[in-house]
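The values are calculated or read from the model by the stated rules, or taken from the named source; none is laboratory data. A quick note: this is a predicted structure, and the numbers were derived from the prediction, not measured. Note that each Cβ is placed from the backbone with ideal geometry, even for glycine, and that neighbours are counted across all protein chains shown.
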Amino acid sequence: MSTELRELGRAIKQAQWRHHRALDRALTDIGSTIVQWDALRAIGEHPDASAHDLALTTFQSDQAFGTLAKRLLERQLIERVPGRGRRIEHHLTDTGRDILRQGEAIASAIFEKSFAGLDESQRATLASLLARVGGN
């Protein structure tokens with residue numbers, strides 16, 4: 001692997017790390033973490049998804065997502081309801097929707113600041129290139 005590719009990979013990881021640190025710090029103000037907020041985001045976008053699908057969407061194992069969902073349930077941020085067959089569906093409560101909404105505002109501010117040095121065309125190019133590298 002060439003040094004340039006290593007440096008590129010490291011730059012991507014560094015940007016992600018900065019975003020995660022900033023989000024985690026800011027989300028504590030609303031009583032959440034990046035992992036919890038991301039789970040709420042996934043459930044909000046895919047309310048009828050199974051726990052397995054939500055685990056994939058949030059880059060977690062099934063077991064880790066199950067543990068997280070249990071904590072969100074205890075905090076009354078989500079509810080679980082029977083779905084088709086043995087499937088359990090996840091839905092946001094009003095409190096969960098409120099945390100999600102507040103977290104989205106926090107994330108938007110962080111991302112806006114982070115990408116402020118890029119114009120819209122550069123942002124679109126970056127998004128397209130990262131999607132290609134990520135296999136999307």
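Points worth noting:
- Filtered residues of the range 48-99 (kept if surrounded by fewer than 14 Cβ atoms within 10 Å (Cβ to Cβ) and within 15 Å of the chain's Cα centre (by Cα)): PHE59, SER61, ALA64
- Pairs where the first residue, in the range 72-90, is within 24 Å of ILE34 (Cα to Cα) and touching a residue at least 60 places away in the same chain (Cβ under 8 Å) and the second is surrounded by 15 or more Cβ atoms within 10 Å (Cβ to Cβ) and of a type in the set (Gly, Ala, Ser), C-beta under 6 Å, 6+ apart: none
- Restricting the range 1-51 to residues that are assigned to a loop (DSSP other than H, G, I, E, B) and small (Gly, Ala, Ser), the residue that is modelled with the lowest pLDDT: SER2
- Among the candidates ILE12, ILE88, ILE43, residue that is under 29 Å from ALA109 (Cβ atoms) and touching a helix residue (DSSP H, G or I) at 6+ places or on another chain (Cβ under 7 Å): ILE43
- Against the list (1) under 24 Å from GLY31 (Cβ atoms); (2) surrounded by fewer than 12 Cβ atoms within 10 Å (Cβ to Cβ); (3) among the small types (Gly, Ala, Ser), the condition SER114 fails is (2).
- Within the range 1-36, the set of residues being surrounded by 12 or more Cβ atoms within 10 Å (Cβ to Cβ) and acidic (Asp, Glu) comprises ASP24 only.
- Pairs are defined by a Cβ separation below 9 Å, a sequence spacing of at least 6 or placement on different chains, a first member in the range 33-45 that is without any contact (Cβ under 8 Å) to a residue 40 or more places away in the chain, and a second member that is among the acidic types (Asp, Glu) and part of a helix (DSSP H, G or I); the pairs so defined are THR33/ASP24; ILE34/ASP24; VAL35/ASP24; ALA42/ASP53.
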